[in-house]
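Peer 1: Pasting a structure below so you can have a look.
The values are calculated or read from the model by the stated rules, or taken from the named source; none is laboratory data. These numbers were taken from a predicted model, which means no experiment stands behind them. Because the Cβ atoms are built from the backbone with ideal geometry, glycine has one as well, and the counts that use them run over all protein chains shown. Surface accessibility is based on the protein's heavy atoms, side chains included, excluding ligands, DNA and RNA. Shrake-Rupley method; radii C 1.70, N 1.55, O 1.52, S 1.80 Å.
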Amino acid sequence: MSTVYSTVSAIINLPLTMPHLPERGGDVLGTAADPTPGGGVNTALAAARQGATTVLASPLGAGQWGRLARTALEAEGVTCPVLAPYGDTGLCVTIVEPDGERTFLTASGVEAEMDPAWLETLTVGVDDVVIVSGYDLAYPSGAALADWVTSAGGAGGRLVLDVSPVCEEVPAELLDRVLVRAAVVSLNERETALLGGPAALRERLAGLGNDRAVVLHRLGAGGTRVETIDDDGGARETLVLSLTLSPEQVVDTTGAGDAHTGVLAAELASGRPLLDAVRRANLAGAITVTRRGPATSPTREELDRL
């Protein structure tokens, strides 16, 4: 089985459950849970729980939050070779409302200060899968990550780009440098709109010379619309459905996209066909929203039972 390298930055979630968001200057009473690893931890653990050899290629801090994230990752077999000698991992206040919708307030840490030297020891094979998030391209050190993705160190594997909610903050030149390398581009409906819609994204990829990239439009409860280009250059769309959940079953959407991306990468690394990989990724995302907390992606055995 090939290796999954995830460059998605790890953070620590500070979870708050609230009846609704406050107005500006207001206050709302709710409940809090203990700090828990999230962000790139979700993605890496989702891949590892499918049996994939998984490497977190994003820096972890030297403080208490970095140690908390590292402990959670290594407990499930994820290798963490990129350790910053200073600073700490960032924090994200995660506000979850009764319908499961989540809102983030993030203060970044060392994950936003990628030193190119930290990535020099990583060499990706042609059969490996590399996950990149738009969050990390939006950081001040996004250029360093893009350099690695397109260099001899990172360019060997198949690239899965999770566009992320902050895709409009990524400099266009940086995003293009990663899009031209992407084997798979994954994004939700809001992110698709931010990039101008499905047709605009496909035109952008074609203009960069990457007209063969697979585009996954994640539609939440509606499944995933898979856009591929066949050998004759024609576009093909396939809707891959997911579990049907009642509103009462959806308790927390935090980490659902991360679970989808991590499971997808693991399945591709294992050699599973694309549509089968998407189907299992859909199931993982659906299961995740029925559980509270960020790193709640199911195991391979749980998906097999479905």
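Peer 1: Filtering segment 118-131 down to residues that are among the aliphatic types (A, V, I, L, M) and under 18 Å from residue 79 (Cβ atoms), which residue is surrounded by the most Cβ atoms within 10 Å (Cβ to Cβ)?
Peer 2: Within segment 118-131, the subset among the aliphatic types (A, V, I, L, M) is 119, 122, 124, 126, 129-131.
Next, from what is left, pick out any that are under 18 Å from residue 79 (Cβ atoms): 119, 122, 124, 129-131.
Values: 119: 24, 122: 17, 124: 24, 129: 27, 130: 27, 131: 29.
Out of the qualifying residues, it is 131.
Peer 1: Is it the case that some residue within segment 6-13 is touching a residue at least 60 places away in the same chain (Cβ under 8 Å), farther than 22 Å from residue 122 by Cα and of a type outside the set (Phe, Trp, Tyr)?
Peer 2: In the first step, residues of segment 6-13 are kept if they are touching a residue at least 60 places away in the same chain (Cβ under 8 Å); the result is 6-13.
Among the residues that remain, those that are also farther than 22 Å from residue 122 by Cα are: 12-13.
Now narrow it down to the ones that are of a type outside the set (Phe, Trp, Tyr): 12-13.
Yes, that holds for at least one residue.
Peer 1: Filter segment 87-111 down to the residues that are outside any loop (DSSP other than H, G, I, E, B) and open to solvent by 10 Å² or more (accessible area, probe 1.4 Å) and list them by number.
Peer 2: Step one: list which residues in segment 87-111 are outside any loop (DSSP other than H, G, I, E, B), which gives 91-96, 102-107, 110-111.
Passing the criteria: 91, 93, 95, 102, 103, 104, 105, 106, 107.
Peer 1: Same structure again: Condition check: open to solvent by 60 Å² or more (accessible area, probe 1.4 Å), within 30 Å of residue 304 (Cβ to Cβ) and either in contact (Cβ under 8 Å) with a residue 60 or more places away in the chain or of a type in the set (Gly, Ala, Ser) (or both). Does residue 44 satisfy that?
Peer 2: No.
Peer 1: Just wondering, is there one or more residues in segment 66-78 that are within 29 Å of residue 176 (Cα to Cα) and of a type outside the set (A, V, I, L, M)?
Peer 2: As a first pass, look at segment 66-78 and keep what is within 29 Å of residue 176 (Cα to Cα): none.
No, that holds for no residue.
Peer 1: Could you count how many residues in segment 31-58 are of a type in the set (Gly, Ala, Ser), more than 23 Å from residue 147 (Cα to Cα) and modelled with pLDDT under 95?
Peer 2: Qualifying residue count for the region: 3.
Peer 1: Being in contact with a helix residue (DSSP H, G or I) (Cβ under 9 Å, 6 or more places away or on another chain), more than 20 Å from residue 257 (Cα to Cα) and surrounded by fewer than 17 Cβ atoms within 10 Å (Cβ to Cβ) is the requirement here; does residue 209 meet it?
Peer 2: no
Peer 1: What number goes with the only condition from (1) of a type in the set (Phe, Trp, Tyr); (2) crowded, with 20+ Cβ neighbours inside 10 Å; (3) out of contact with any Ser or Thr (no Cβ under 8 Å at 6 or more places or on another chain) that residue 65 does not pass?
Peer 2: The number of the failed condition is (3).
Peer 1: Here is a list of conditions, (1) at pLDDT below 95; (2) open to solvent by 10 Å² or more (accessible area, probe 1.4 Å), and residue 8 meets all of them except one; can you say which number that is?
Peer 2: (1) is the only condition that residue 8 fails.
Peer 1: Would you mind telling me which numbered condition in (1) over 18 Å from the mean Cα position of the chain (by Cα); (2) surrounded by fewer than 17 Cβ atoms within 10 Å (Cβ to Cβ) residue 84 fails?
Peer 2: Condition (2) is where residue 84 drops out.
Peer 1: Has segment 69-85 got any residue that is basic (Lys, Arg) and more than 26 Å from residue 221 (Cβ to Cβ)? Working first, answer last.
Peer 2: Of segment 69-85, the ones basic (Lys, Arg) are 70.
From the residues that got through so far, the ones that are more than 26 Å from residue 221 (Cβ to Cβ) too are 70.
Yes, that holds for at least one residue.
Peer 1: Take the residues in segment 227-251 that are part of a loop (DSSP other than H, G, I, E, B) and at pLDDT 85 or above; name whichever of them is nearest to residue 35 (Cα to Cα).
Peer 2: If we take residues in segment 227-251 being part of a loop (DSSP other than H, G, I, E, B) and at pLDDT 85 or above, then 251 is nearest to residue 35 (Cα to Cα).
Peer 1: If only one of 159, 201, 174 is over 18 Å from residue 279 (Cα atoms), touching a Lys or Arg at 6+ places or on another chain (Cβ under 7 Å), without any contact (Cβ under 8 Å) to a residue 60 or more places away in the chain and open to solvent by less than 40 Å² (accessible area, probe 1.4 Å), which one is it?
Peer 2: Working: 201 fails: touching a Lys or Arg at 6+ places or on another chain (Cβ under 7 Å); 174 fails: touching a Lys or Arg at 6+ places or on another chain (Cβ under 7 Å).
On inspection, the qualifying residue turns out to be 159.
Peer 1: Can you work out which of the residues in segment 46-86 that are of a type in the set (D, E, K, R) and not in a loop (DSSP other than H, G, I, E, B) is nearest to residue 280 (Cα to Cα)?
Peer 2: 74
Peer 1: While we're here: Quick one: in segment 217-262, which of the residues that are β-branched (Val, Ile, Thr) and open to solvent by less than 20 Å² (accessible area, probe 1.4 Å) is farthest from residue 295 (Cα to Cα)?
Peer 2: 226
Peer 1: Can I ask one more? Test each condition in (1) over 19 Å from residue 259 (Cα atoms); (2) assigned to a loop (DSSP other than H, G, I, E, B); (3) in contact (Cβ under 8 Å) with a residue 60 or more places away in the chain for residue 22 and report the one that comes out false.
Peer 2: (3)
Peer 1: If I filter segment 263-285 for residues that are modelled with pLDDT under 95 and either open to solvent by 20 Å² or more (accessible area, probe 1.4 Å) or among the aromatic types (Phe, Trp, Tyr) (or both), do I get at least one hit?
Peer 2: no
Peer 1: Select, from 149, 124, 96, 132, the only residue that is of a type in the set (A, V, I, L, M, F, W, C) and in contact with a Phe, Trp or Tyr (Cβ under 8 Å, 6 or more places away or on another chain).
Peer 2: 124
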